[in-house]
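One structure is given here, and the rest of the page talks about it.
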Ligand SMILES: CC(C)(COP(=O)(O)OP(=O)(O)OC[C@H]1O[C@@H](n2cnc3c(N)ncnc32)[C@H](O)[C@@H]1OP(=O)(O)O)[C@@H](O)C(=O)NCCC(=O)NCCS
């Protein structure tokens with residue numbers, strides 16, 4: 001069993017480690033090797049510590065229950081960053097460790113981020129996903145609609161990305177709660 005909770009400053013190191021591991025397993029062959037090889041857990045941990053200091057509450061983690069409480073995944077959210085797009089909120093990242101994928105943690109984390117956005121007055125949300133990443137089917141499964149497509153520069157190379165949108169986060173949360181109640 002795992003719990004979903006808001007991240008604490010002390011989680012920054014584990015979050016940085018998960019980020020580097022999942023980037024390398026997910027994006028091999030999709031993003032330039034030198035970007036993946038050049039990642040550093042320590043650097044990522046530093047930038048997560050900074051995010052957590054400035055935006056406590058906008059990062060969620062999935063933690064294995066029991067002694068040790070290993071972190072298995074994380075995600076963060078906030079205001080949508082591009083004024084050209086009508087979505088209010090954005091899910092910036094969502095990563096679950098490879099050995100914990102497929103067990104429902106991604107869904108629980110995404111719904112926690114949606115609830116957080118809604119609490120902050122953001123009724124709609126956008127998430128960007130690399131076109132070649134099968135994670136886009138996960139977003140489709142969770143009701144996301146393909147809304148935008150554009151290349152995003154990564155390591156000096158344009159990478160095709162797709163923006164999935166949800167126009168009514170309240171309806172998504174209600175639908176998911178109803179479907180959980182059936183089981
Ligand atoms: C994408 C990711 C967050 C999904 O989390 P997860 O814990 O593996 O997914 P869940 O078990 O919660 O899946 C929820 C539903 O989506 C479906 N799903 C998940 N990944 C899928 C995929 N790649 N293709 C199709 N369906 C998928 C599941 O089958 C499940 O369906 P159900 O409603 O019938 O049960 C996770 O796999 C991951 O971290 N991947 C690598 C990193 C990544 O690409 N992150 C996204 C960056 S934008």
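Over its Cα atoms, what ratio of radius of gyration to 2.2 N^0.38 Å does the stretch 101-162 give? Walk me through the intermediate numbers first.
Numbers: Rg = 13.2 Å, N = 62, 2.2 N^0.38 = 10.6 Å.
Cα-based Rg divided by the globular estimate yields 1.25.
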At what distance in angstrom do the alpha carbon centres of the stretch 63-132 and the stretch 163-181 lie from each other? 13 Å
Under 10 Å, Cα contacts only: if you run a Gaussian network model on the chain, which one of 100, 67, 171 comes out with the highest mean-square fluctuation? 67
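Report the equivalent ellipsoid semi-axes for the chain in whole Å, largest first, defined as the square roots of five times the eigenvalues of the gyration tensor built from alpha carbon atoms.
Details: eigenvalues 107, 94, 53 Å².
Gyration-tensor ellipsoid for the chain: 23, 22, 16 Å.
If each DSSP helix of 4+ residues adds -39,500 (n - 2.57) and the sum is divided by the residues in the chain, what number results at 222 nm, nearest 500 deg cm²/dmol? Each step should come with its number before you reach the end.
Details: 6 runs with 70 residues, N = 183.
Dividing the helical sum by the residues of the chain leaves -12000 deg cm²/dmol.
Set the Förster radius R0 to 35 Å, insert the Cβ-Cβ distance between residue 86 and residue 137 as r into 1/(1 + (r/R0)^6), and round the FRET efficiency to 0.05. Before the final figure, lay out the partial values.
Details: r = 24 Å, r/R0 = 0.69.
In this case the efficiency is close to 0.90.
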10 Å-binned pair-distance histogram of the stretch 62-104 (Cα, whole percent): 25, 36, 24, 13, 2
Residues residue 168 and residue 99, FRET efficiency given R0 of 45 Å [Cβ-Cβ distance, rounded to 0.05]: 0.85
Starting from the Kirkwood Rh over alpha-carbon pairs, what translational D in µm² s⁻¹ does the stretch 1-54 have by Stokes-Einstein at 20 °C and 1.002 mPa s? 178 µm²/s
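Just the projected area, averaged over all directions, of the convex hull on the alpha carbon atoms of the stretch 40-88: how many nm²?
Numbers: hull surface 20.1 nm².
Averaged projected hull area, Cα only: 5.0 nm².
Based on the Cβ-Cβ distance of residue 70 and residue 123, what FRET efficiency does E = 1/(1 + (r/R0)^6) give at R0 = 25 Å, to the nearest 0.05?
Values: r = 34 Å, r/R0 = 1.37.
Using R0 = 25 Å, I get an efficiency of 0.15.
Where a number appears in this text, it was derived from the coordinates with a stated rule and is not lab data. Source: prediction; values computed, not measured. Cβ sites come from the backbone with ideal geometry, for glycine too, and all protein chains shown count toward neighbours.
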